[in-house]
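Novice: Starting off with a structure, shown below.
The values are calculated or read from the model by the stated rules, or taken from the named source; none is laboratory data. Since the structure is predicted, the reported quantities are computational estimates derived from the model, not experimental observations. Cβ atoms come from the backbone with ideal geometry, glycine included; neighbour counts cover every protein chain shown. The area values use the complete protein model at the heavy-atom level, side chains included, leaving out ligands, DNA and RNA. Shrake-Rupley method; radii C 1.70, N 1.55, O 1.52, S 1.80 Å.
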Amino acid sequence: MAQKPAINYGLIDSNDHSFAFKSLHNSYDSIIAYTTEGYWQSNKINYAVIVLKKGTYFKGLLHLERTKNNRWSEAVVKLKKANPTETKAIIEQLSASGLWKLSPDSLNDQNKKNPDGSVVALTLHDGVNFRFELISANKFLAIESYAPEYFVEEILYSTQRRKFIKIRDKFMKDFKAL
């Protein structure tokens with residue numbers, strides 16, 4: 001199993017691969033961003049974000065759209081103050097659940113081991129990638145899983161994906177209630 005990447009893993013290229021990092025890292029002390037990515041969503045990017053700035057928590061959305069010339073629009077960020085106790089509980093739950101320590105290799109393993117010992121590489125087109133990002137001014141960590149429900153059914157030993165699904169579902173429920 002691969003080692004957990006350092007907390008600043010990906011910082012150098014985060015500007016090109018994370019619109020949340022590119023749009024928010026200079027303005028907020030810390031950020032948790034969640035997004036989904038997929039072919040059918042390729043013209044829009046939406047992030048659910050929790051940000052901390054000078055001791056105040058905010059909840060909101062970051063949105064971009066692909067323009068006619070195939071570039072991305074300026075990010076639109078809509079934030080509102082969030083209850084600090086509830087927000088801290090969500091952040092602590094993400095850490096306590098082990099989200100930031102999940103193995104990227106295990107979350108995206110597409111090799112199914114058969115009872116006879118053979119291995120089949122599974123593929124899925126048009127699935128959705130679910131992605132969490134932990135961001136600060138000089139740190140970036142992305143934890144993501146492609147089509148976890150499909151692969152968890154096909155690869156029964158996929159415990160990291162099961163954990164990811166549970167964490168994702170709880171986060172979305174708690175974020176909406178925040």
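Novice: Looking at (1) modelled with pLDDT of 90 or more; (2) over 16 Å from T36 (Cα atoms); (3) among the polar types (S, T, N, Q), which is the one condition that is false for S145?
Specialist: So S145 meets the others, but not (2).
Novice: Which one of these is part of a helix (DSSP H, G or I), of a type in the set (F, W, Y) and at negative phi: Y157, Y150? Walk me through it before giving the result.
Specialist: Working: Y157 fails: part of a helix (DSSP H, G or I).
Matching residue, one of Y157, Y150: Y150.
Novice: Moving to a separate point now. If you take the residues in the stretch 45-76 that are β-branched (V, I, T) and touching a Leu at 6+ places or on another chain (Cβ under 9 Å), which one is nearest to A89 (Cα to Cα)?
Specialist: I50
Novice: What are the pairs with Cβ atoms under 8 angstrom where one residue, in the stretch 106-127, is part of a helix (DSSP H, G or I) and the other, located anywhere, is at pLDDT below 85? Sequence gap at least six, or different chains.
Specialist: Matching pairs, first to second residue: S106/M1; S106/A2; S106/S158.
Novice: Could you grab me the full set of residues in the stretch 48-107 that are surrounded by fewer than 18 Cβ atoms within 10 Å (Cβ to Cβ) and basic (K, R)?
Specialist: Those that are surrounded by fewer than 18 Cβ atoms within 10 Å (Cβ to Cβ) and basic (K, R): K53, K54, R66, K68, R71, K78, K80, K81, K88, K101.
Novice: Among the residues of the stretch 137-159 satisfying the criterion of being open to solvent by less than 40 Å² (accessible area, probe 1.4 Å) and not aliphatic (A, V, I, L, M), which is nearest to S30 (Cα to Cα)?
Specialist: F140
Novice: Another question, then. What number of residues in the stretch 111-129 are open to solvent by less than 60 Å² (accessible area, probe 1.4 Å) and under 22 Å from E37 (Cα atoms)?
Specialist: Residues flagged as open to solvent by less than 60 Å² (accessible area, probe 1.4 Å) and under 22 Å from E37 (Cα atoms) within the stretch 111-129 amount to 5.
Novice: Which count do you get for residues in the stretch 48-77 that are touching a helix residue (DSSP H, G or I) at 6+ places or on another chain (Cβ under 7 Å) and assigned to a loop (DSSP other than H, G, I, E, B)?
Specialist: 1
Novice: Could I ask something else about it? Is there a residue being at pLDDT below 90, charged (D, E, K, R) and either assigned to a loop (DSSP other than H, G, I, E, B) or over 24 Å from D174 (Cβ atoms) (or both) anywhere in the stretch 24-38?
Specialist: Checking the stretch 24-38: not a single residue is at pLDDT below 90, charged (D, E, K, R) and either assigned to a loop (DSSP other than H, G, I, E, B) or over 24 Å from D174 (Cβ atoms) (or both).
Novice: Looking at the stretch 78-99, is at least one residue of a type outside the set (V, I, T), assigned to a helix (DSSP H, G or I), closer than 20 Å to F151 by Cβ and within 15 Å of the chain's Cα centre (by Cα)?
Specialist: Within the stretch 78-99, one or more residues are of a type outside the set (V, I, T), assigned to a helix (DSSP H, G or I), closer than 20 Å to F151 by Cβ and within 15 Å of the chain's Cα centre (by Cα).
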